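What follows is a short report on a single structure.
Rule-based calculations on the coordinates, nothing more; no lab input. No experiment lies behind these values; they were computed from the predicted model shown. Neighbour counts are summed over all protein chains in view; Cβ atoms, including those assigned to glycine, are modelled from backbone coordinates with ideal geometry.
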């Protein structure tokens, strides 16, 4: 079974479109038989994506640091829940369990996870593709910053391919799966 790690907020955000997108991604993963790997929480967009995948009969693996699990933030209805000791362990295990990554809207933690996965790809630590679901233009400034870094020669132009950005879930998943090689 293929797996995609989804990075997203532990909050819902200000616009309902963010929650709708998280639910759509979870549902699509479940329907396509793609295992969801995510941060293990039951709150915010994390909870929404997990619940939608589970409702679509999908397998869902959560990875949560003990400190967050102890504050009763862990989702208790998952296929598997891994409780780790630190955020570093969380990111490492999620990366090991996933074949690709998607970032939905979120804050510092989401961005940290996305940029670490991108950096690891750039450095050749893994060759997994990273996707950005740019819901409602949320990531427009980040996409512009990446383009600026390429223009100013901080990121090689050849590395633009490491981040696939789309505004809709279906084309993003389709592009990720083609890049991953699981669709002929």
Which angle from 0 to 90°, rounded to the nearest 10, does the C-alpha axis of helix 44-55 make with the longest principal axis of the chain?
70 degrees
Taking every DSSP beta bridge that has both residues in the range 3-176, what percent is antiparallel when rounded to the nearest 5?
5 percent
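Would you work out the Kirkwood radius for the range 3-53? I mean one over the mean of 1/r across all pairs of different Cα atoms, in Å.
10.4 Å
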For 51, 140, ascending order of other Cβ atoms within 10 Å (fewest first) is 140, 51
Express the relative contact order of the chain as a whole percentage, based on alpha carbon pairs under 8 Å and six or more residues apart in sequence.
21 percent
Residue exposure sequence - 82, 159 - by fewest surrounding Cβ within 10 Å
159, 82
Before rounding to the nearest 500, sum -39500 (n - 2.57) across all DSSP H runs of length at least 4 in the chain and divide by the residue total; then give [θ] at 222 nm in deg cm²/dmol.
-14000 deg cm²/dmol
Rounded, prolate or oblate: which one fits the range 53-154, using the alpha carbon gyration tensor with axes a ≥ b ≥ c (rounded when a/c is under 1.5, else prolate when a/b beats b/c, else oblate)?
prolate
To the nearest 10 degrees, how steep is helix 108-122 against the longest Cα principal axis of the chain, on a 0 to 90 scale?
50 degrees
If each residue's Cβ is checked for other Cβ atoms within 10 Å, how do 168, 72 rank with the fewest at the top?
72, 168
Could you calculate the contour length gain from residue 125 to residue 154, that is, 0.36 nm times the residue separation minus the distance between their Cα atoms, to one decimal place in nm?
8.5 nm
Please work out whether the range 123-174 counts as rounded, prolate or oblate from its C-alpha gyration tensor, where a ≥ b ≥ c are the square roots of the eigenvalues and a/c under 1.5 means rounded, while otherwise a/b larger than b/c means prolate and anything else oblate?
oblate
Simple spin-label model, 7 Å along Cα-to-Cβ: residue 168 to residue 11 in nm?
3.0 nm
Could you pull the Rg and Dmax for the chain, using just the Cα atoms, both in Å?
15.3, 47
At what distance in angstrom do the alpha carbon centres of the range 66-117 and the range 1-44 lie from each other?
12 Å
Tilt of helix 140-151 relative to the longest C-alpha principal axis of the chain, in degrees (0 to 90, nearest 10)?
40 degrees
